Amino acid sequence: MGSVLEALPRGGRVAVIRLRSLGDCVLTTPALTILRRFRPDLYLSVVVERRWRAIFEGNTDIDEILPPELGALRRFRPDLCLNFHGGTRSAWMTALSGARHRVGFGHFRGQAGYNVRIPRAQEILGVERTVHTAEHLASAIFYLGAPVGEIPRARLTAAEKRPASAVIHAVAATPAKTWSAEGFLEVARRLRESHGEVVFIGGPGDDLAPFREFTTVAGAPLGEIKSRLATATLFVGNDSGPAHMAAAFGVPSVVIFGASDPAIWGPWRTPSEVVTAPGGIGAVRVEQVLAALTRLRVAA
């Protein structure tokens, strides 16, 4: 018997549910590239919340971006609905999608709605180690029928170019993932001496006032952040969505980790250094970050 992907009709319709968040959306794109390469004839949509839509805009692996509404999904009439989100809402959307093949990971909730359950990535990839999120998502496409092979870099496209600069993202979702403002400022001052312009970026509601001696961009549309990162010469920041965006553009990156596991969430396929400390992110020293920059051959 052939695989699920081989069983789809020519020009078949595939809906991938990836409701949120920023980093997860970015790290979904390698799996989409693998799917497109294996079955370029398929018509591929991504179901995503509006605030993350820009992550997928301009990506030629994707034919359509759908809002996270059951009506829109059912009107799309997918032959295959693949749930990459894993929450209750995405599980029932998959179950009610009308797709012949309703696919989700076997360790996620909502199992009753799936008729294809994907095992853990370690089983698919034949490894026993911790796997990166990009590997976890790509393994689903391998299980559905694409040949197991190299997992590419995440893919983003930028509509316009910004002047080159070092980009720093000094905020994060929780204190356990946020390095000190004083540490980022010291690194930024060193980079300004050796590297030219330094830009601090942040999302809506982020307070970038501590960094006002530098250019700051807070609450800009996600498309603008893509444009800035597309031309960045360097990225320094907390473990966060923008770190994954920088990696997607191949930007050399130093990422400071606290509560998260770098083996799962580290920069994917870009020159990078991960900085941690046994006492958590608050124990990371400026000297560690500067040493990481030196290992990346960045003068600081």
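Summarise the long-distance tail of P(r) for the chain by giving the % of C-alpha pairs beyond 27 Å.
Numbers: 19146 of 44850 pairs.
In whole percent, the share of Cα-Cα pairs in the chain beyond 27 Å is 43.
For the range 73-85, in order, what is each residue's ³J(HN,Hα) by Karplus, 6.51 cos²θ - 1.76 cosθ + 1.60 with θ = phi - 60°, in whole Hz (x at glycine and Pro)?
5, 5, 5, 5, 6, x, 7, 9, 10, 10, 8, 9, 8
For the range 166-295, count the residues as N, evaluate 2.2 N^0.38 Å, and divide the Cα radius of gyration by that value, please.
Details: Rg = 13.1 Å, N = 130, 2.2 N^0.38 = 14.0 Å.
Ratio of Cα Rg to 2.2 N^0.38 Å: 0.94.
Let me know the charge dipole size of the chain about its Cα centre in debye, to the nearest 20, where only the beta-carbon of Lys, Arg (+1) and Asp, Glu (-1) is charged.
740 debye
Which one of ALA172, THR130, ALA159 is farthest out on the positive end of the charge dipole of the chain, using unit charges on Cβ (Lys, Arg +1; Asp, Glu -1) and the Cα centre as origin?
ALA159
Helix 133-144 versus the longest principal axis of the chain: what angle, 0 to 90°, nearest 10, using Cα atoms?
Roughly 20 degrees between the two axes.
Quick one: angle between helix 286-295 and the longest Cα principal axis of the chain, in degrees between 0 and 90, rounded to 10, please.
That helix lies at roughly 70 degrees to the long axis.
Separation of the range 106-175 and the range 263-281 by C-alpha centroid, Å?
So the separation of the two Cα centres works out to 16 Å.
What do you get for the angle between helix 181-195 and the principal long axis of the chain? Use alpha-carbon atoms, 0 to 90 degrees, nearest ten.
80 degrees
With each label point set 7 Å from Cα along the Cα-Cβ vector, what nm distance links VAL148 and LEU70?
About 3.7 nm separates the two model spin labels.
At each listed q (0.14, 0.15, 0.19, 0.20 Å⁻¹), what is the log10 of I(q)/I(0) that the Debye formula gives for the range 4-144 modelled as equal alpha-carbon point scatterers?
The Debye formula, applied to the Cα set alone, gives -0.57, -0.66, -1.13, -1.27.
Show that you can apply the helix-only estimate: for the chain, add -39,500 (n - 2.57) for every DSSP H stretch of four or more residues, divide by all residues, and state [θ] at 222 nm to the nearest 500. Write down the numbers at each step before the final one.
Working: 11 runs with 99 residues, N = 300.
The per-residue figure over the chain is -9500 deg cm²/dmol.
Work out the length of the dipole vector of the range 4-144 about its Cα centre, built from +1 on the beta-carbon of each Lys and Arg and -1 on the beta-carbon of each Asp and Glu, and round it to the nearest 20 debye.
Numbers: 20 positive and 13 negative charges, 79 e Å.
Here the range 4-144 has a charge dipole of around 380 debye.
Please rank MET93, MET245, fewest neighbouring Cβ atoms within 10 Å first, as an exposure proxy. Write out the running numbers ahead of the final one.
Values: MET93 26, MET245 29.
Fewest-to-most ranking of MET93, MET245: MET93, MET245.
Once amide H atoms are placed 1.01 Å from N in the peptide plane, what residues at a sequence separation of 5 or more from VAL199, or on another chain, have their amide H within under 5 Å of its amide H?
Long-range HN contacts for VAL199: ALA166, VAL167, ILE168.
Bear in mind that the values in this text are calculations on the coordinates, not laboratory data. Because the structure is a prediction, the values reported are computed rather than measured. Virtual Cβ from ideal backbone geometry, glycine too; neighbours counted across all protein chains shown.
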